[in-house]
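Q: A single structure is presented below for examination.
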Amino acid sequence: MKKTGLLLLLCLAAAAPAQSADSNSADQATAQGTLPTSVSFPIERVQTPTNADLYCAGFISKQLLPNAKFVAGGLETPNTTKFVNNDMIYLAGSGYETGQEYTILRELRDPNQYELFPGQHAILRATGQPYAELGRIRVVDTRSKMAIAHVEFSCEPVNPGDIAVPFAEKPAVSFHLPLRFDRFAPPNGKLSGRIVMAKDFDSELGTGMKVYMNLGTSQGVKVGDYFRAVRSYLADLKDPVDSLSFKASTTEDTQKRPPSVEPSLLTRTKGPAIHVADFPRRAVGEIVVISTTPTTATGMIVFALEDVHAGDGVEMDEQ
């Protein structure tokens, strides 16, 4: 009985420093001029991205990748056109050697021509060509005109026409200790950019989803950097859907002088005028960089308080 009690005390003593360090790391992000609450400074805990997160994220490249090597078919062609783990596929092109590993990519186009935010198409044209990462293969036979490869890892089905580029290891990304996430942090003057697109052309994004930002190694961005996703209420005002809520009535019959939001000649009231530009900027999530090119970065959302949108701003977070 005494041994059990002593063991319990030792366990509690060992756990106390870890809990204290956890608490201190969470408290260190509070800023002057604030009164931290669980809503304005929620505790941010993030997880390390997995191999699937790293190798299936996709990217945008300003420089077009060579497409001379591509998937032509597979063992069960023509009855099968999509290939996954453990399938055997045939590769067109030259220069293959047994044992070589390749990443299978797909040059992407968005079949939906609708812009998720004003100017998105122009920004994407300036940013580069989006690519999906579909999986990793290994060349196992080069005796025929086409090389034969084994699909060792697939993120999603590989199709004929998808291109093969030499496989490259990606650096691991470590997580940081729990911190307080400053929901209303003013601009910090650090490197900033924008989410120009998301994986699978999604528009509303949450934890674990992948985004592409118009910042890259030429601006000093590296794998493992953290960015804060931010949005102003002006963005909501300009959104064709969210702006409808600004136009809806918010007043109560008991208000003597109801306010008006962005008043015009037709909507002005005798009450106070509310200007959306005066609202504080809000942070909506945290993004860690998992791969880079000279002009772009692929990020994974590791913490989100609400939906992150394509078109949201990003700002380097050096916590």
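The values are calculated or read from the model by the stated rules, or taken from the named source; none is laboratory data. Note that the coordinates shown come from a computational prediction; the quantities given were computed from them, not determined experimentally. Using ideal geometry, Cβ is built from the backbone for each residue, glycine included, and neighbour counts are taken over all protein chains shown. These area figures cover heavy atoms from the full protein model, side chains too; ligands, DNA and RNA do not enter into them. Shrake-Rupley method; radii C 1.70, N 1.55, O 1.52, S 1.80 Å.
Q: When only C-alpha pairs under 8 Å and at least 6 residues apart count, what is the relative contact order of the range 188-257, in percent?
A: 20
Q: If you don't mind, another one. Around Phe167, which amide H atoms from residues at least 5 apart in sequence, or from another chain, sit under 5 Å from its own amide H, with H modelled in the peptide plane?
A: Result for Phe167 returns Glu101, Tyr102, Thr103.
Q: So how do Lys270, Lys170 rank on accessible area, 1.4 Å probe, biggest first, that is with the largest at the start?
A: Lys270, Lys170
Q: Compute the acute angle (0 to 90°) between the alpha-carbon long axis of helix 2-27 and the principal axis of greatest extent of the alpha-carbon atoms of the chain; round to the nearest 10°.
A: Long axis of 2-27 versus the principal axis of the chain: about 80 degrees.
Q: Using a 1.4 Å probe and ignoring any ligands, DNA or RNA, find the accessible area of Thr292 and quote it in Å² to the nearest 10.
A: My reading of the accessible area for Thr292 is about 50 Å².
Q: Can you pull the accessible area of Glu156 for me, 1.4 Å probe, Å² to the nearest 10?
A: Glu156 has an accessible surface of roughly 60 Å² with all protein chains in place.
Q: Along the charge dipole of the range 227-298, pointing to its positive end and built from +1/-1 on Cβ of Lys, Arg, Asp and Glu, which listed residue (Tyr233, Thr295, Ser260) has its Cα farthest out?
A: It is Ser260.
Q: Can you tell me how the chain classifies by the Cα gyration tensor, rounded, prolate or oblate, using a/c under 1.5 as the rounded cut?
A: Note, shape of the chain comes out oblate.
Q: If contacts are Cα pairs under 8 angstrom and at least 6 residues apart, what is the relative contact order of the chain in percent?
A: Relative contact order of the chain: 22 percent.
Q: Sequence neighbours fewer than 8 away in the same chain don't count; with that in mind, list the lysines whose C-alpha is under 23 Å from Lys170.
A: Of all the lysines, those that pass the test against Lys170 - Cα under 23 Å, at least 8 places apart if same chain - are Lys62, Lys69, Lys199, Lys210, Lys222.
Q: Roughly how big is the range 210-291's charge dipole about its Cα centre, with Cβ charges of +1 (Lys, Arg) and -1 (Asp, Glu), in debye to the nearest 20?
A: 140
Q: Straight-line reach from Lys256: which lysines have Cα under 22 Å away, leaving out those fewer than 8 places along the same chain?
A: Lys247, Lys270
Q: Same structure again: Could you size up the charge dipole of the chain around its Cα centre, putting +1 on the beta carbon of Lys and Arg and -1 on that of Asp and Glu, and report it in debye to the nearest 20?
A: 400
Q: For Tyr233, Tyr131, write out the residues from largest to smallest accessible area, computed with a 1.4 angstrom probe and no ligands counted.
A: Tyr233, Tyr131
Q: If you don't mind, there's one more thing I want to ask. Could you sort Leu64, Leu205, Leu124 by accessible area so the largest value comes first, with the probe set to 1.4 Å?
A: Leu64, Leu124, Leu205
Q: Give the accessible area for Ser94 in Å² (nearest 10); use a 1.4 Å probe, count only protein heavy atoms, and leave out ligands, DNA and RNA.
A: Rounded to the nearest 10, that gives 90 Å².
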